[in-house]
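**Q** Following this message is one structure expressed as structure tokens.
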Amino acid sequence: GQSLEQPSEVTAVEGAIVQINCTYQTSGFYGLSWYQQHDGGAPTFLSYNALDGLEETGRFSSFLSRSDSYGYLLLQELQMKDSASYFCAVRVPMTGGFKTIFGAGTRLFVKA
Amino acid sequence: EAQVTQNPRYLITVTGKKLTVTCSQNMNHEYMSWYRQDPGLGLRQIYYSMNVEVTDKGDVPEGYKVSRKEKRNFPLILESPSPNQTSLYFCASSSGGTRPYGYTFGSGTRLTVV
């Protein structure tokens, strides 16, 4: 089967750095995405990694190691508004295109 | 404004009464998908569509139908809803092979089947 593993909860303090890990087992791989979802809201796209390495977008960075089937989302200078759920998602090849499989999500609590 | 529009936002219905949740996107995206979200289970794919008249089952398709007659619309149909379909549903669209590679999600439909 296909699976993604990420921690269910992470807690950090305001101003700190936090890393949310994601490991995956899939048949085929195009890329790893990260999404943020606040309570009561819809998921919003944060980043996409197709190649090994680090992609940086402001306070958020995302890393991928294809050989280890592993990635992480790094959040720097944490703010209270970063309290949300974060989902990793893997794009896998399908006949004629692709499909996207999501992990169960990591709930991030940012404390003052 | 680029967006995915889902309707309704909230729906309470009775077992067995057919319903349709509509989804429309204005970004000319080829790729559209339906997910359901349940506590602790993340987002599970119901159906997806790679273009007009091309649809395929996701991981939890039982009890659902979809159609893609136009590029912008991708309705989700529950022919005979049951209580285990009570969930939060999201429609999403993506350009597929071009940046940005992520989904744009609709605001969600909270469905309760009694």
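The values are calculated or read from the model by the stated rules, or taken from the named source; none is laboratory data. These numbers come from a predicted model, not from an experiment. In this analysis, Cβ positions are derived from the backbone assuming ideal geometry, glycine residues included, and neighbour counts consider all displayed protein chains.
**Q** For the range A:42-62, give me the residue count where each residue is out of contact with any Ser or Thr (no Cβ under 8 Å at 6 or more places or on another chain) and either more than 30 Å from B:Gln3 (Cβ to Cβ) or within 13 Å of chain B (Cβ to nearest Cβ) (or both).
**A** 5
**Q** What's the number of the condition B:Gly102 fails, among (1) part of a strand (DSSP E or B); (2) buried (at least 18 other Cβ atoms within 10 Å of the Cβ); (3) within 12 Å of another protein chain (Cβ to nearest Cβ)?
**A** Only one criterion in (1) part of a strand (DSSP E or B); (2) buried (at least 18 other Cβ atoms within 10 Å of the Cβ); (3) within 12 Å of another protein chain (Cβ to nearest Cβ) is unmet by B:Gly102, namely (1).
**Q** Looking only at the range B:75-99, filter to residues that are under 23 Å from B:Met27 (Cα atoms) and surrounded by 22 or more Cβ atoms within 10 Å (Cβ to Cβ); which one of those is farthest from the other protein chains (Cβ to nearest Cβ)?
**A** Here the answer is B:Leu76.
**Q** With respect to B:Thr15, is the statement that it is of a type in the set (S, T, N, Q) and touching a helix residue (DSSP H, G or I) at 6+ places or on another chain (Cβ under 8 Å) true?
**A** Criteria met by B:Thr15.
**Q** Check A:Leu32, A:Leu64, A:Leu74 and return the single one that is within 20 Å of B:Tyr35 (Cβ to Cβ), surrounded by 12 or more Cβ atoms within 10 Å (Cβ to Cβ), of a type in the set (A, V, I, L, M) and at pLDDT 95 or above.
**A** A:Leu32 is the lone residue from the list that is within 20 Å of B:Tyr35 (Cβ to Cβ), surrounded by 12 or more Cβ atoms within 10 Å (Cβ to Cβ), of a type in the set (A, V, I, L, M) and at pLDDT 95 or above.
**Q** Within the range A:72-112, can you find the residues that are under 26 Å from B:Ser49 (Cβ atoms) and either away from chain B (no Cβ under 14 Å) or among the β-branched types (Val, Ile, Thr) (or both)?
**A** Within the range A:72-112, A:Val90, A:Val92, A:Thr95, A:Thr100, A:Ile101 qualify.
**Q** Moving to a separate point now. Determine which member of the set B:Gln37, B:Gln3, B:Gln45, B:Gln25 is within 14 Å of B:Phe105 (Cβ to Cβ), touching a Leu at 6+ places or on another chain (Cβ under 7 Å) and of a type in the set (S, T, N, Q).
**A** When all the criteria are applied, what remains is B:Gln37.
**Q** Output the residues belonging to the range B:29-71 that are without any contact (Cβ under 8 Å) to a residue 12 or more places away in the chain, within 12 Å of chain A (Cβ to nearest Cβ) and not in a strand (DSSP E or B).
**A** Of everything in the range B:29-71, those that are without any contact (Cβ under 8 Å) to a residue 12 or more places away in the chain, within 12 Å of chain A (Cβ to nearest Cβ) and not in a strand (DSSP E or B) turn out to be B:Pro39, B:Gly40, B:Leu41.
**Q** Just to be sure, is B:Thr15 modelled with pLDDT of 95 or more, surrounded by 15 or more Cβ atoms within 10 Å (Cβ to Cβ) and among the β-branched types (Val, Ile, Thr)?
**A** Considered against the rule, which asks whether it is modelled with pLDDT of 95 or more, surrounded by 15 or more Cβ atoms within 10 Å (Cβ to Cβ) and among the β-branched types (Val, Ile, Thr), B:Thr15 comes out as no.
Yes/no per residue for (1) under 11 Å from the mean Cα position of the chain (by Cα); (2) under 26 Å from B:Val60 (Cα atoms):
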site	(1), (2)
A:Asn21	yes, yes
A:Tyr35	yes, yes
A:Asp39	no, yes
A:Leu46	yes, yes
A:Arg66	no, no
A:Leu74	yes, no
A:Val92	no, yes
